Amino acid sequence: MSPEIVALLSGLGVCLGLIISIGAQNAIVLRQGLRREHVGLVVAVCIASDVILQTIGVAGVATVVAAHPWLETAGRWAAAIFLVGFAAVSARRAWRGGGSLEAAPEADEAGSTSGGAVATRTRSSRLSTLATILAVTWLNPQALVETTLVLGSIAAPFGDARWWFLAGGIAAASIWFVGFGYGARYLAPLMRTERAWRILDGGIAVVMLVIAVSLVAG
């Protein structure tokens with residue numbers, strides 16, 4: 001397999017592993033998808049934000065690391081350690097369970113909630129939706145660090161093929177947010193179950209471990 005394809009698949013796997021987690025951003029995407037309100041806006045903001053942050057990581061952090069051999073070695077091991085830790089956390093969630101992704105119950109077209117109570121559905125404005133998704137995306141320090149420093153460090157060992165890593169990461173973000181946003185009404189019953197998240201977390205743990213091993217072995 002060529003280095004470019006390896007980098008592309010690594011970027012796809014790592015970014016999907018980081019994106020697919022229980023968090024505020026995915027909760028907002030799910031909520032808007034269930035309500036079928038401003039889904040295009042939310043998805044566009046999420047993808048655009050990931051493109052910007054991933055590019056900063058690969059073009060900035062990865063370029064600096066790649067220019068200094070000792071930084072590349074340190075970055076390779078630091079990235080591997082992070083991925084192993086991430087895999088351990090995911091494996092722990094898969095083993096213990098307790099995870100789910102819930103959106104607030106919404107009224108149906110007749111105005112009744114699932115509990116039988118009558119409710120009035122209030123449509124959120126485009127501006128408030130935009131402010132919310134920007135806040136949960138750009139005011140989350142952990143997400144910013146993961147998308148720039150961590151991805152940049154992981155991409156650096158791929159050298160010139162790191163741009164393929166970036167392409168894989170952008171593809172992962174696009175696939176996830178488009179699929180999750182527009183497919184929320186179909187995915188919601190599945191993603192609300194603890195079993196689904198345990199299986200998903202287990203898969204993420206395996207992918208992260210494989211990539212961590214490939215980093216230090218390469």
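The values are calculated or read from the model by the stated rules, or taken from the named source; none is laboratory data. The structure presented is a predicted model; accordingly, all values stated were derived computationally and were not measured. Please note: Cβ atoms are built from the backbone with ideal geometry, for glycine as well, and neighbour counts cover all protein chains shown. The accessibility values were calculated without ligands, DNA or RNA, using every heavy atom of the protein model including side chains. Shrake-Rupley method; radii C 1.70, N 1.55, O 1.52, S 1.80 Å.
Tabulated results
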| item | result |
| --- | --- |
| Two-site label geometry, A196 and S128: point separation in nm, points 7 Å out along Cα→Cβ | 2.7 |
| Where W138, W176 fall by accessible area, highest first, once all protein chains stay in place (1.4 Å) | W138, W176 |
| In nm, spacing of pseudo-spin labels at A74 and V145 (7 Å Cα→C-beta vector) | 1.7 |
| Virtual spin-label span in nm between L41 and A88, 7 Å along Cα→Cβ | 4.3 |
| Stokes-Einstein diffusion coefficient of region 137-187, Kirkwood radius over Cα pairs, 10 °C, 1.306 mPa s, in µm²/s | 128 |
